[in-house]
Amino acid sequence: MKSSLSLTILSLGTLFLLGCNDSSDDESQSNAAVYAGTTQDEAGNPVEAQVIVAPSQDPVLTLWDDRDRQMNYAGKQINTDSVSFSSVQYECKLVGEQFNCEDTMGEFLLNKQQFSSQSLSDYLGAYQALWDGSLYQISVASEGLVELTGNNCSSEGQLNLSEQIDGLVELNLTQGDCGLDTFHAYGQLMVDNDTLYSLNVMTTLTSFPNTWVKID
């Protein structure tokens, strides 16, 4: 299943504004959160599911199977309290602080996640991963400055504490030649035994590596 050793990053391919008046915007903002739970596949094996909802983007679904393989899907916000992921036939409706979801296997619940507050200094360091056969590195420096390098390219950006979802950060790559100039992501830092860190990337960009190992 999904390892707890992760800096969870949820990448958003297309940004858009939800709602068309102030009241609906306020309601969408209040629903902004990460929701997680467990369902199963057609063989009855457990599958961990996580959905991130925010007022400025399409909802993103991430699934982990019992071998820790990760799959990511972009969804649609039907209204302020309902989301749909047609590629996996998931429909979810917000009731209180839970998403009541349904798929081809039945119904399941996703619970709202609460995260501890963190500072940008917690994220300082370098992380590596293989991307299309080449070694890449993500470096996070002081004041949240970020650089992605590898295979004779580099992209730069910024890491900031999220104003939409408490306990998360937002990553934006805004310039460079790695083809990610409009890359936007949410993230959370998780530590195991105070020693081992990794960067688990959830993105609809399927070629982008999922796991980045901290090296510094």
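Descriptive notes on the structure:
- Within the range 111-216, chymotrypsin sites (Phe, Trp or Tyr not before Pro) in DSSP loop having at most 16 other beta-carbon neighbours inside 10 Å: PHE115
- HN-Hα J in Hz across the range 165-172 - Karplus 6.51, -1.76, 1.60, θ = phi - 60°, x for Gly and Pro: 10, 4, x, 10, 10, 10, 10, 10
- Rounded to whole numbers, the Karplus 3J(HN,Hα) couplings from phi for the range 47-56 are 9, 7, 10, 9, 10, 10, 10, 8, x, 10 Hz, using 6.51 cos²θ - 1.76 cosθ + 1.60 with θ = phi - 60°, and x at Gly and Pro.
- The residues LYS214, LYS76, when put in order of fewest to most other Cβ atoms within 10 Å, stand as LYS76, LYS214.
- Built amide H within the under 5 Å cut-off of THR174, gap 5+: GLU156, GLY157, GLN158
- Interchain or long-range residues, amide H under 5 Å from ILE78's placed H: VAL83, SER84
- Estimated dipole of the range 33-112 in Debye, rounded to 20 [Cβ of Lys and Arg +1, of Asp and Glu -1, Cα centre]: 260
- The ranking of ASP103, ASP181 by Cβ neighbour count inside 10 Å, starting from the fewest, reads ASP181, ASP103.
- The distance separating the Cα centre of the range 109-123 from that of the range 149-175 comes to 17 Å.
- Over all other residues within a Cβ to Cβ distance under 13 Å of GLN175, the charged ones net out to -4, with Lys and Arg as +1 and Asp and Glu as -1.
- Distant-in-sequence amide contacts of THR211, defined by a placed amide H-H separation under 5 Å and a gap of 5 or more residues or a different chain, comprise VAL201.
- ³J(HN,Hα) computed for each position of the range 124-134 - Karplus, 6.51 cos²θ - 1.76 cosθ + 1.60, integer Hz, glycine/proline x: 4, x, 10, 10, 10, 7, 8, 10, 6, x, 10
Every number here is computed from the coordinates shown, using simple stated rules; none is lab data. These numbers come from a predicted model, not from an experiment. Positions of Cβ are generated from backbone atoms using ideal geometry, with glycine treated the same way; all protein chains shown enter the neighbour counts.
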